[in-house]
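The values are calculated or read from the model by the stated rules, or taken from the named source; none is laboratory data. Because the structure is predicted, anything quoted here is derived from the model rather than measured. Here Cβ is always computed from backbone atoms with ideal geometry, including for glycine, and neighbour counts include all displayed protein chains. Heavy atoms of the whole protein, side chains included, go into the accessibility calculation; ligands, DNA and RNA do not. Shrake-Rupley method; radii C 1.70, N 1.55, O 1.52, S 1.80 Å.
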Amino acid sequence: MRNDTQGLLLNISAVEKDTGLSKDVLRMWERRYGFPRPGRDDNGERQYSATDVGKLRAMKRLMDVGLRPGKIIGLTLTELNAIADARTPARPSPLALDIEHDVLAMLRSHDLPGLQHTLANQVMRQGLQRFVLDTITPLNRAVGDAWMRGDLQVFEEHLYTEQLQVALRAAINASPRQSGTPRMLLTTLPAELHGLGLLMVEAMLVPEGVHCISLGPQTPLEDIRRAAIAHQVHIVALSFSAAFPVRQAVDGLATLRRELPAQMTLWAGGELTRRVRKTMPGIMLIPDLAWTVNALHSWRTHHVPQPV
Ligand code: B12
């Protein structure tokens, strides 16, 4: 935990927003397990230390992958991170590790020109598809983990996201404009701010001749239906990060499936789709970015595009 956040005290609303753990859960744990142990301000309001918030974040991350709070609440932050790291997928290639190290250092030292050069240079060297698969997927995870451990500040994570979007958008726009088929609409549901997944899918599919129409994040369901019909798309593709509530995603997808014309294909990807246990008729769940081109090939095999 970086020392410039040590003295920080947060009230219960801020902790609920930051960790995704509800006020009721925080109070119940305090009663039942004696953790967290907030102080009180002059009005008797709970004041949580940055150290406790760091541990609460680590617990939420492990609970999201199925661990029970009673089993982990007695552990230290280091022990919790060790469990999380042990569950983290295989480490990236040595090259990706070097870039990870360099980019995290540039974010912390606020070296914008260095970051811009590294991202633009890497996409040129690897090409769009390899760049998002081999470099950005592990780098996203590293940036997220560093933020979660408190080794990156929110504004530094925002700088990463913004500059990556600039680099990806520039590289996608530099590739020949596709007017082929399928036509694909890309967006997320309201309350899902994570828009990088959409750009990464576009980076995978534009080189395959897909005509991508991105609305960016947070489009209401009814407007997704209207946009899909207005642009006469063949596929609607949504992205759900690990932060999005599973129930809301499943309900939103089922509603959209009912509302969209039957001949339109509906794809859903993002880390959250790994947690959708049951198959959803008429909806293709694609948690792995590497699987995107295969899904396209199977679409092309089964769909002879209808004359518009
Ligand atoms: C950048 C980022 C942000 C930015 C997003 C800005 C933007 N414009 O996109 C901001 C700062 C807004 C943000 C906010 C938050 N974030 Co955030 N974020 C990230 C980060 C670092 C990077 C990338 C990202 O967007 N990933 C999401 C997508 C791109 O990755 P993915 O889900 O793994 O999907 C992969 C594939 O499935 C595929 N894919 C994705 N979408 C699709 C769609 C289709 C159709 C297909 C085929 C494939 C596909 O591509 C991806 C790469 O392989 C991730 C770290 C990480 N590990 O990814 C954290 C992360 C997702 N965020 C997280 C959290 C907790 C939050 C907040 C709740 C924090 C807070 N308390 O405020 C808020 C929630 C905001 C909201 N309502 O959505 C956690 C989620 C943990 C959890 N289990 O809940 C993560 C994992 C960080 C961490 N390690 O804890 N975040």
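Here are a few things to note about the model shown:
- Options Ala249, Ala230, Ala243, Ala295: the member that is free of Cβ contacts under 8 Å to residues at least 12 places away in the same chain and of a type in the set (A, V, I, L, M): Ala230
- Residue in the stretch 179-187 that is in contact with a Lys or Arg (Cβ under 9 Å, 6 or more places away or on another chain), touching a residue at least 24 places away in the same chain (Cβ under 8 Å), of a type outside the set (Val, Ile, Thr) and more than 11 Å from the ligand (Cβ to nearest atom) present: yes
Table: residues versus (1) more than 9 Å from the ligand (Cβ to nearest atom); (2) open to solvent by 20 Å² or more (accessible area, probe 1.4 Å); (3) not assigned by TED's automatic domain parsing to the domain that holds Ala120.
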position	(1), (2), (3)
Glu162	no, yes, no
Glu192	no, no, yes
Leu199	no, no, yes
Glu202	yes, no, yes
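- In the stretch 278-299, the residues that are among the β-branched types (Val, Ile, Thr), part of a strand (DSSP E or B) and within 10 Å of the ligand (Cβ to nearest atom): Ile286
- Scope the stretch 173-212; condition in a helix (DSSP H, G or I) and within 20 Å of the chain's Cα centre (by Cα); matching residues: Leu196, Gly197, Leu198, Leu199, Met200, Val201, Glu202, Ala203, Met204, Leu205
- Enumeration of residues in the stretch 28-46 that are in contact with a Lys or Arg (Cβ under 7 Å, 6 or more places away or on another chain) and open to solvent by less than 40 Å² (accessible area, probe 1.4 Å): Pro38
- Among residues of the stretch 98-111, those that are in contact (Cβ under 8 Å) with a residue 12 or more places away in the chain and surrounded by 13 or more Cβ atoms within 10 Å (Cβ to Cβ), counted: 8
- Test: residue in the stretch 213-220 that is among the polar types (S, T, N, Q), within 16 Å of the chain's Cα centre (by Cα), crowded, with 16+ Cβ neighbours inside 10 Å and within 13 Å of the ligand (Cβ to nearest atom): no
- Output for the stretch 227-277, where each listed residue is away from the ligand (no atom under 15 Å from the Cβ) and of a type in the set (Lys, Arg): Arg258, Arg277
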